[in-house]
Each structure stands twice: as structure tokens, then as C-alpha cells.
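Step one of this worksheet: look at the structure below.
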Amino acid sequence: MIKIELKDGSVKELESGMSILEIAKTISEGLARMATAGKINGKVKDLRTVVNEDCKLEILTFENDIDGKKAYWHTTSHIMAQAVKRLFPQVKLTIGPAIDNGFYYDFDVEKAFTDEDKEKIEQEMNKIIKEDLPIERFSLTKSEAIKLMKDEPYKIELINDLADGEEISFYKQGEFTDLCAGPHLISTGKVKSVKILSSSSAYWKGDEKREVLQRIYGISFPKKKELDEYLERLEEAKSRDHRKIGKELDLFCFSDYVGGGLPLYTPKGTIVKDTLQKEIEKICRSYGFQKVSCPSLANIKLFETSGHAQKFNDELFRVNSPKGHEFVLKPVQCPHHTQIYASKMRSYKDLPIRYMESDKQYRAELQGSVGGLSRVYAITIEDGHSFCRIDQVKDEVINMCNIIRDFYTRMGLWENHWVSLSVRDYDHPEKYIGSKEDWDLCESMLQEVSDELHLEAKRCEGEAALYGPKLDFMFADALGREVQIPTVQVDFSTPKRFGLYYIDKNGEKQTPVMVHRAILGSYERFLALILEQFKGALPTWLSPVQVKILPISDAHIEYSKEIMKKLEDEEIRVELDDRQEKTGYKIREAQMQKIPYMLVIGDKEVESNTLSVRSRDDGDIGVYNTEEFISNIKKEILERKV
């Protein structure tokens with residue numbers, strides 16, 4: 001007999017040798033029907049996995065866990081590959097993973113799939129689902145696997161990439177067999193509603209020097225209603241696309257001369273970015289952070305010492321000059337901050353020392369992966385680090401979590417989030433720097449913080465940073481997509497690597513702990529998030545233009561300029577539209593530019609020394625005197641109303 005601890009803390013005693021699916025049936029037949037995969041001690045496993053020892057077990061469904069969804073979507077990707085093979089037998093298979101919103105499969109095919117092709121593929125997928133083919137898992141040796149995949153060159157390449165002796169697993173459904181680690185559903189009939197969404201070209205293994213493949217994206221759900229709702233959200237997403245909104249509001253642009261993935265902020269976009277920076281710095285200063293500034297270039301030795309050069313070698317931009325300079329554009333800021341700390345002697349009384357900086361970082365992303373502000377080469381990172389004693393770590397982490405709460409509450413995003421306690425991959429400790437003892441202590445501390453702040457952090461193995469575990473705050477955007485931006489990370493390793501120390505009360509040298517934090521994270525990704533969240537209608541305090549003055553005719557321009565001067569004196573961002581256009585046209589255009597307030601000035605307003613105020617959200621809101629309007633809008637800005 002073995003003991004199985006379930007998600008609710010209850011324990012079942014069962015016979016050894018039962019599969020996860022069989023265990024699910026002992027809990028509930030309904031649960032077994034909905035099960036898509038399981039988690040054994042935090043690791044995702046196939047439903048067919050046999051349990052032979054005591055463990056913690058969570059039964060995953062489509063509804064309760066992203067890994068449960070991914071098992072469902074991964075199975076659907078195999079159904080799509082089977083359908084493509086039936087319709088286009090000469091196609092060569094590559095990979096077909098589940099992603100955060102559905103799945104894709106890459107195919108080597110002579111010509112791109114047409115809309116008619118995709119419609120036929122979707123119809124064939126539905127046939128395969130109705131056939132309810134059992135999905136079977138089996139393993140082979142390397143030589144056997146190569147023999148089985150003799151007609152699939154990309155699969156053979158993947159097999160050859162595997163270490164000798166490593167288990168090579170396959171999944172079979174009907175006539176279709178695919179190289180795959182899983183997990184998968186029990187049969188094709190478990191999938192209900194499917195939809196092919198789009199197709200595009202992609203490079204094999206993301207390498208622009210390799211073969212160009214055709215990628216098909218799709219989505220599936222257990223209920224047709226869920227699919228219909230998802231498709232409605234996709235339509236909504238088109239109107240919320242930050243690239244479209246950014247262009248309409250003239251916030252940022254791209255240039256082929258400058259290069260893709262290198263956004264250029266316009267005057268209005270710069271106002272938004274700078275306003276966000278001032279806001280986050282104001283909050284962080286109240287928690288003791290001091291602003292620093294570091295160069296964008298550094299000697300490669302800095303990142304070799306930190307470990308980033310080894311871990312992220314392919315993502316480094318190296319800069320060599322004809323005069324013999326060999327530098328790297330900084331991919332992260334933390335190593336620079338260690339050198340500010342190291343620039344003078346530190347006492348235990350000086351700690352904690354907290355630095356913050358918003359500056360460019362550079363990552364050599366794959367050329368085909370950059371797009372909009374979501375993934376770029378030049379990233380403006382809001383970053384901060386605290387150097388502290390071991391007895392100060394928990395308080396530092398708590399402070400940083402409080403900053404995150406304060407900022408995201410102001411942005412109206414706090415209510416819809418969850419927290420990941422991102423820990424190491426215990427099976428592959430070689431992926432990280434630092435000792436096991438330090439990692440154990442760091443992970444324990446973050447768990448205590450989660451408990452004390454009632455964060456209910458969910459433990460996610462393999463998601464830790466290079467140098468330590470972290471608390472990642474996950475938010476749902478306006479379309480329900482999951483976005484990770486703020487993070488707090490405990491780091492025992494980096495200070496040791498750089499030989500950092502402070503003098504303790506006994507006059508002895510001690511190594512400080514480094515706590516990393518990003519509140520806003522990347523300005524680019526955050527701006528994309530809030531543009532889509534607010535559909536471009538940014539809160540008044542954040543809008544690049546807060547007030548637009550609309551004189552009806554030339555006779556009203558002089559008074560309009562007087563109003564403009566009063567607003568500017570109060571540091572309210574204002575523009576005057578004195579073009580010879582109809583007032584209705586000016587109002588519509590200001591509305592399209594998402595300007596919070598419009599002041600319409602005509603004879604009546606000039607004579608009575610008043611303003612006719614129009615709100616972006618509420619339309620005409622009445623007549624105000626200038627002082628009253630200024631008082632109201634300043635209060636709205638000060639209170640950071642969302």
C-alpha cells in the first residue's frame with residue numbers, strides 16, 4: 001500500500017501500481033472523465049503514469065490548471081498533425097507544442113496552406129475526434145526510434161539530439177504515431193470543439209538559417225460555448241491590439257533604418273513612459289530606494305563573473321570597435337549595481353542599501369520572434385536591488401511585495417492576479433548557480449513571506465531565475481491572457497561571485513544577500529498591457545494630453561489661449577486645436593485620440609468667463625468656471641483615479 005496526499009490535504013491509502021487515471025476514478029468518476037493529466041510532487045505527468053510510492057498527487061483538468069489545458073491542447077495538436085498527414089501525405093512533421101493560448105504544429109510543405117486547405121484540415125480533425133481513437137504511449141531505444149521515424153527527417157534530428165540511453169517516448173492514435181514526451185489525453189474523442197485560427201511561416205528551431213516551415217495555430221475547448229466565447233474575445237483583441245492603438249494615438253513607431261525590435265517613442269509616448277517612471281520611482285523612494293544610473297556598455301568579464309554570459313550567451317549583443325574595444329550591451333542591470341555597492345566599504349549599520357534604475361537593456365532575440373512592444377531588442381527595464389543582511393531578507397521581500405500591491409492597485413490591475421513561487425528544477429541543479437543550502441533557505445524564506453502576506457503562492461518547479469527562487473506576480477489582461485510582469489527574487493549567489501561584503505558588529509567580513517525586484521518590469525510590455533487594458537483610454541493622470549481646447553471660431557482663440565496658459569501653469573498637459581474645422585469634427589477627432597477632457601469655447605463661454613466641458617467617458621458634463629475645472633482635474637490626477 002502507498003499513501004497519496006491529494007490537493008485538499010486528504011490522504012488515500014491505495015495499492016501500488018495504479019495509474020493516475022485509476023487513482024482519479026477512486027476519487028470520482030466525474031473527475032476521471034474530466035482529467036487531462038496529473039501532477040506528482042509538483043511535476044506534470046501523463047494520466048497513464050503508474051504510481052509506485054508515496055507522493056502528493058493533483059488531478060489536472062482543463063478548468064483548474066494551465067498544465068491541464070496544455071495537455072488538452074497538446075493532444076489537439078496531434079489530432080491536427082494526423083489530419084494534415086491524411087490530407088497531405090508528403091508533408092514532413094516537425095513539432096507541435098501547446099502554448100499559453102492553444103497550440104501550433106510546424107510542417108515542411110511545398111507551398112503555404114490556403115484558407116481552403118485549413119478548412120479541410122479542420123473538417124478532418126472533427127472526423128478524427130468522432131472516431132474516438134485510443135491514444136497509446138510506448139517507448140523505444142534510440143536505434144528503434146530512428147527506424148520508426150525513417151521517413152521523418154526532422155524527427156530523426158530530434159532523436160539524435162537526445163542523450164544516449166534517454167527514454168524516447170511515442171504516442172499512437174490510429175494510423176498516426178508521433179515522437180512526443182506527452183502528456184496526452186486517453187483518446188481523441190475527449191477533445192470536443194476545435195478551431196484553426198491562423199497560419200504563418202516559421203524557421204526550423206527558430207534559426208533563420210534553417211528550413212522555412214508552415215505553422216498552423218489552433219485552439220480547442222471541452223464545450224462549444226467556451227470556443228464561441230474565445231472567438232468573441234479574439235475579435236475584441238483586434239480592437240485592443242496595442243500596435244494599432246499605439247499608431248492611432250501616435251505613441252511609438254518603428255523604422256527599417258533603425259531596425260525592427262527597436263521602438264522609437266514619440267513625444268506623446270515619451271510622456272506616458274516618463275510619467276510611469278516618475279510614479280514608480282515615487283513609490284519606491286517611499287520604501288527607501290535610491291536612484292542610480294549605469295552605462296549601457298560593460299566588459300564581458302562582468303557578465304562572465306555573474307554567470308549571465310554562460311547562461312545567456314546567445315542573447316548577448318557584443319560590441320567591438322576598430323580600436324580594439326570589446327564590450328557587451330548590458331542584458332541585465334544587476335551586475336552593474338554590485339559594482340556600485342563594491343565601490344566603498346560597507347558596515348552592517350549601512351544595510352539595507354537599495355538601488356533602483358530604469359534604463360535600456362539589450363537582448364538578441366530571434367529575428368522572427370520580435371513584434372510590437374511585446375518582444376523587442378532594446379528593453380527599457382524598471383529594476384531595483386537591495387543589499388541586506390540575512391536577518392533583513394524577509395522584511396525586504398515584504399516591502400517589495402507591498403510596492404507591487406500599491407502600484408498595481410493604482411493601475412486598477414491588482415484584483416485579478418495570482419502569485420507563483422518559482423523554484424528550481426530539482427532534477428537538473430546544474431542549470432543554476434549557488435549551493436543547495438542557499439537555495440533551500442531562499443525557497444523557505446519566500447514560502448514564509450507568501451504565508452504571512454496571504455499571497456497563496458503556487459509552487460512552480462523549474463521557473464526560478466539563474467541565481468535564485470522568486471515570487472512572480474501573474475496578471476490577467478483585458479482579454480484574459482496571463483501576463484507575468486512584477487517579480488521579487490532572492491539571490492545568495494551573485495554577491496559571493498563578486499566578493500561583496502560588509503563588516504559585521506564583530507568586525508568580521510560577511511556576504512550580503514541581494515534581493516532583486518522589478519515592479520513595472522519592461523516599460524514596453526507594460527505599456528502594451530495597459531494600452532490593451534484601457535483600450536487606449538488611459539487614466540487622466542497618465543494621458544499624454546489631458547485637455548484639448550476647442551475654440552469654435554477665430555474670435556474665441558484669444559480666450560482659449562488664456563485658458564491654456566492657466567492650465568499649463570498648473571502643469572496640466574493641454575493642447576489647443578485652432579484649425580479652421582467644424583467643432584463636431586474637432587470633438588470626434590479628440591475623442592478618437594482618447595483625450596480625457598475637451599473644452600469647447602464659443603461666444604457664451606467668452607462672455608461669461610466659463611468653460612463648456614466634455615468628458616471622453618461621459619460626454620457633455622456642464623459649464624464650469626476655470627478655477628473649478630482646474631481644481632477638479634488636479635484632484636483626479638492627484639488621486640490617480642483609474
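The values are calculated or read from the model by the stated rules, or taken from the named source; none is laboratory data. These figures come from a predicted structure and were not determined experimentally. Here Cβ is always computed from backbone atoms with ideal geometry, including for glycine, and neighbour counts include all displayed protein chains.
Hey, can you tell me all the residues within region 52-104 that are more than 25 Å from MET18 (Cα to Cα) and basic (Lys, Arg)? Give the steps one after another, and end with the answer.
So in region 52-104, the residues more than 25 Å from MET18 (Cα to Cα) come out as 73, 76-104.
Correct list: LYS85, ARG86, LYS92.
Being more than 16 Å from THR61 (Cα to Cα), in contact (Cβ under 8 Å) with a residue 12 or more places away in the chain and not polar (S, T, N, Q) is the filter here, so list the residues in region 3-26 that pass it.
Matches in region 3-26: LYS3, ILE4, GLU5, LYS12, GLU13, LEU14, GLU15, GLY17, MET18.
Go through region 298-330 and report how many residues are assigned to a loop (DSSP other than H, G, I, E, B) and in contact with a strand residue (DSSP E or B) (Cβ under 6 Å, 6 or more places away or on another chain). Steps first, answer last, please.
From region 298-330, those assigned to a loop (DSSP other than H, G, I, E, B) are 307, 312, 316, 321-325, 330; that's our starting set.
After this cut, where a residue has to be in contact with a strand residue (DSSP E or B) (Cβ under 6 Å, 6 or more places away or on another chain) as well, the list is 316, 330.
Within region 298-330, residues that are assigned to a loop (DSSP other than H, G, I, E, B) and in contact with a strand residue (DSSP E or B) (Cβ under 6 Å, 6 or more places away or on another chain) number 2.
Take the residues in region 341-362 that are of a type in the set (Ser, Thr, Tyr) and touching a residue at least 24 places away in the same chain (Cβ under 8 Å), then tell me which one is surrounded by the fewest Cβ atoms within 10 Å (Cβ to Cβ). Outline the logic, then answer.
Taking region 341-362 as the starting set, the residues that turn out to be of a type in the set (Ser, Thr, Tyr) are 341, 343, 347-348, 355, 358, 362.
Narrowing further to those that are touching a residue at least 24 places away in the same chain (Cβ under 8 Å): 341, 347-348, 355, 358, 362.
Details: TYR341: 21, SER347: 11, TYR348: 17, TYR355: 22, SER358: 21, TYR362: 21.
So, considering only residues that are of a type in the set (Ser, Thr, Tyr) and touching a residue at least 24 places away in the same chain (Cβ under 8 Å), the one surrounded by the fewest Cβ atoms within 10 Å (Cβ to Cβ) is SER347.
Is it the case that THR94 is buried (at least 18 other Cβ atoms within 10 Å of the Cβ), touching a residue at least 60 places away in the same chain (Cβ under 8 Å) and in the same structural domain as LYS172 (by TED's automatic domain parsing)? It would help to see each step written out before you state the result.
Values: buried (at least 18 other Cβ atoms within 10 Å of the Cβ): yes; touching a residue at least 60 places away in the same chain (Cβ under 8 Å): yes; in the same structural domain as LYS172 (by TED's automatic domain parsing): yes.
So THR94 passes the test.
Condition check ((1) touching a Leu at 6+ places or on another chain (Cβ under 7 Å); (2) closer than 30 Å to GLN533 by Cβ; (3) of a type in the set (Ser, Thr, Tyr); (4) free of Cβ contacts under 8 Å to residues at least 12 places away in the same chain) across all residues:
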{"residue": "LEU148", "(1), (2), (3), (4)": "yes, no, no, no"}
{"residue": "TYR171", "(1), (2), (3), (4)": "no, no, yes, no"}
{"residue": "LEU185", "(1), (2), (3), (4)": "no, no, no, no"}
{"residue": "SER193", "(1), (2), (3), (4)": "yes, yes, yes, no"}
{"residue": "LYS209", "(1), (2), (3), (4)": "no, no, no, yes"}
{"residue": "LYS223", "(1), (2), (3), (4)": "no, yes, no, no"}
{"residue": "GLU235", "(1), (2), (3), (4)": "no, yes, no, yes"}
{"residue": "ASP241", "(1), (2), (3), (4)": "no, yes, no, no"}
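For region 329-340, does any single residue satisfy the condition of being hydroxyl-bearing (Ser, Thr, Tyr), surrounded by 14 or more Cβ atoms within 10 Å (Cβ to Cβ), at pLDDT 90 or above and touching a helix residue (DSSP H, G or I) at 6+ places or on another chain (Cβ under 8 Å)?
Step one: of region 329-340, the residues hydroxyl-bearing (Ser, Thr, Tyr) are 338.
Going one step further and asking which of them are surrounded by 14 or more Cβ atoms within 10 Å (Cβ to Cβ), we end up with 338.
Next cut, at pLDDT 90 or above only: 338.
Narrowing the set further to residues that are touching a helix residue (DSSP H, G or I) at 6+ places or on another chain (Cβ under 8 Å) leaves 338.
Checked region 329-340: at least one residue is hydroxyl-bearing (Ser, Thr, Tyr), surrounded by 14 or more Cβ atoms within 10 Å (Cβ to Cβ), at pLDDT 90 or above and touching a helix residue (DSSP H, G or I) at 6+ places or on another chain (Cβ under 8 Å).
Under the condition of being in a loop (DSSP other than H, G, I, E, B) and in contact with a Pro (Cβ under 7 Å, 6 or more places away or on another chain), which residue from region 506-518 is surrounded by the most Cβ atoms within 10 Å (Cβ to Cβ)? Can you show your working first?
Going residue by residue through region 506-518, those that are in a loop (DSSP other than H, G, I, E, B) are 506-508, 511-512.
Subset that is in contact with a Pro (Cβ under 7 Å, 6 or more places away or on another chain): 511-512.
Values: THR511: 15, PRO512: 27.
So the residue we want is PRO512.
Just to be sure, is TYR559 outside the structural domain of LYS268 (by TED's automatic domain parsing) and without any contact (Cβ under 8 Å) to a residue 12 or more places away in the chain? If you could, list the steps in order and put the result at the bottom.
Working: outside the structural domain of LYS268 (by TED's automatic domain parsing): yes; without any contact (Cβ under 8 Å) to a residue 12 or more places away in the chain: no.
Against the criterion (outside the structural domain of LYS268 (by TED's automatic domain parsing) and without any contact (Cβ under 8 Å) to a residue 12 or more places away in the chain), TYR559 does not qualify.
Applying the selection to region 534-572, what residues are more than 30 Å from GLU607 (Cα to Cα) and surrounded by fewer than 22 Cβ atoms within 10 Å (Cβ to Cβ)? I'd like the intermediate steps shown before the answer.
Initial filter on region 534-572 (more than 30 Å from GLU607 (Cα to Cα)): 534-539, 541-544.
Scanning region 534-572 gives PHE534, LYS535, GLY536, ALA537, PRO539, TRP541, LEU542.
Could you count how many residues in region 415-431 are aromatic (Phe, Trp, Tyr) and within 22 Å of the chain's Cα centre (by Cα)?
First, pick out the residues of region 415-431 that are aromatic (Phe, Trp, Tyr): 418, 426.
Now restrict to residues that are within 22 Å of the chain's Cα centre (by Cα): 418.
Qualifying residue count for the region: 1.
In region 395-431, which residues are in contact with a helix residue (DSSP H, G or I) (Cβ under 9 Å, 6 or more places away or on another chain), surrounded by fewer than 16 Cβ atoms within 10 Å (Cβ to Cβ) and closer than 30 Å to ASP350 by Cβ?
Within region 395-431, just ILE398 meets the criteria.
Pick out the one residue from LEU276, LEU227, LEU262 that is at pLDDT 90 or above, surrounded by fewer than 18 Cβ atoms within 10 Å (Cβ to Cβ) and assigned by TED's automatic domain parsing to the domain that holds ILE519.
Testing whether each residue is at pLDDT 90 or above, surrounded by fewer than 18 Cβ atoms within 10 Å (Cβ to Cβ) and assigned by TED's automatic domain parsing to the domain that holds ILE519 leaves just LEU262.
In region 354-377, how many residues are closer than 16 Å to PHE312 by Cβ and either of a type in the set (D, E, K, R) or not in a loop (DSSP other than H, G, I, E, B) (or both)?
Residues meeting the conditions: 6.
When you look at GLU58, is it without any contact (Cβ under 8 Å) to a residue 60 or more places away in the chain, in contact with a Lys or Arg (Cβ under 7 Å, 6 or more places away or on another chain) and surrounded by fewer than 13 Cβ atoms within 10 Å (Cβ to Cβ), yes or no?
Numbers: without any contact (Cβ under 8 Å) to a residue 60 or more places away in the chain: yes; in contact with a Lys or Arg (Cβ under 7 Å, 6 or more places away or on another chain): yes; surrounded by fewer than 13 Cβ atoms within 10 Å (Cβ to Cβ): no.
For GLU58, the condition - without any contact (Cβ under 8 Å) to a residue 60 or more places away in the chain, in contact with a Lys or Arg (Cβ under 7 Å, 6 or more places away or on another chain) and surrounded by fewer than 13 Cβ atoms within 10 Å (Cβ to Cβ) - is not met.
Residue check: is THR266 in contact with an Asp or Glu (Cβ under 9 Å, 6 or more places away or on another chain) and of a type in the set (Ser, Thr, Tyr)?
Numbers: in contact with an Asp or Glu (Cβ under 9 Å, 6 or more places away or on another chain): yes; of a type in the set (Ser, Thr, Tyr): yes.
Yes.
Give region 1-19 a look and list any residue that's surrounded by 10 or more Cβ atoms within 10 Å (Cβ to Cβ) and of a type outside the set (Asp, Glu), or say none.
ILE2, LYS3, ILE4, LEU6, LYS7, VAL11, LYS12, LEU14, SER16, GLY17, MET18, SER19
Does region 336-361 hold any residues that are basic (Lys, Arg) and under 22 Å from LYS278 (Cβ atoms), and which are they? Steps first, answer last, please.
Narrowing region 336-361 to residues basic (Lys, Arg): 344, 346, 349, 354, 360.
Scanning region 336-361 gives ARG354, LYS360.
Within region 96-204, which strands (runs of 3 or more DSSP E) (wholly inside it) include 1 or more residues that are acidic (Asp, Glu)?
Filter on region 96-204 gives 102-108, 135-140, 176-179.
Restricting to region 444-468, count the residues that are in contact (Cβ under 8 Å) with a residue 12 or more places away in the chain, acidic (Asp, Glu) and either under 13 Å from VAL488 (Cβ atoms) or surrounded by fewer than 16 Cβ atoms within 10 Å (Cβ to Cβ) (or both). Show your work before the answer.
First, pick out the residues of region 444-468 that are in contact (Cβ under 8 Å) with a residue 12 or more places away in the chain: 445-450, 452-453, 455-468.
Within this subset, residues satisfying the condition of being acidic (Asp, Glu) are 448, 452, 456, 461, 463.
Now restrict to residues that are either under 13 Å from VAL488 (Cβ atoms) or surrounded by fewer than 16 Cβ atoms within 10 Å (Cβ to Cβ) (or both): 448, 452, 456.
Here the count works out to 3.
Of the residues GLU232, GLU211, GLU236, which is within 24 Å of the chain's Cα centre (by Cα), at pLDDT below 95, over 30 Å from LYS548 (Cβ atoms) and not β-branched (Val, Ile, Thr)?
Numbers: GLU211 fails: within 24 Å of the chain's Cα centre (by Cα); GLU236 fails: over 30 Å from LYS548 (Cβ atoms).
Result of the check over GLU232, GLU211, GLU236: GLU232.
Residue-by-condition table, conditions (1) among the small types (Gly, Ala, Ser); (2) over 27 Å from SER19 (Cβ atoms); (3) touching a strand residue (DSSP E or B) at 6+ places or on another chain (Cβ under 8 Å):
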residue: ASN126; (1), (2), (3): no, yes, yes
residue: ILE129; (1), (2), (3): no, no, yes
residue: GLU136; (1), (2), (3): no, no, yes
residue: LEU140; (1), (2), (3): no, no, yes
residue: LEU148; (1), (2), (3): no, no, yes
residue: TYR154; (1), (2), (3): no, yes, yes
residue: ASN160; (1), (2), (3): no, yes, no
residue: GLU166; (1), (2), (3): no, no, no
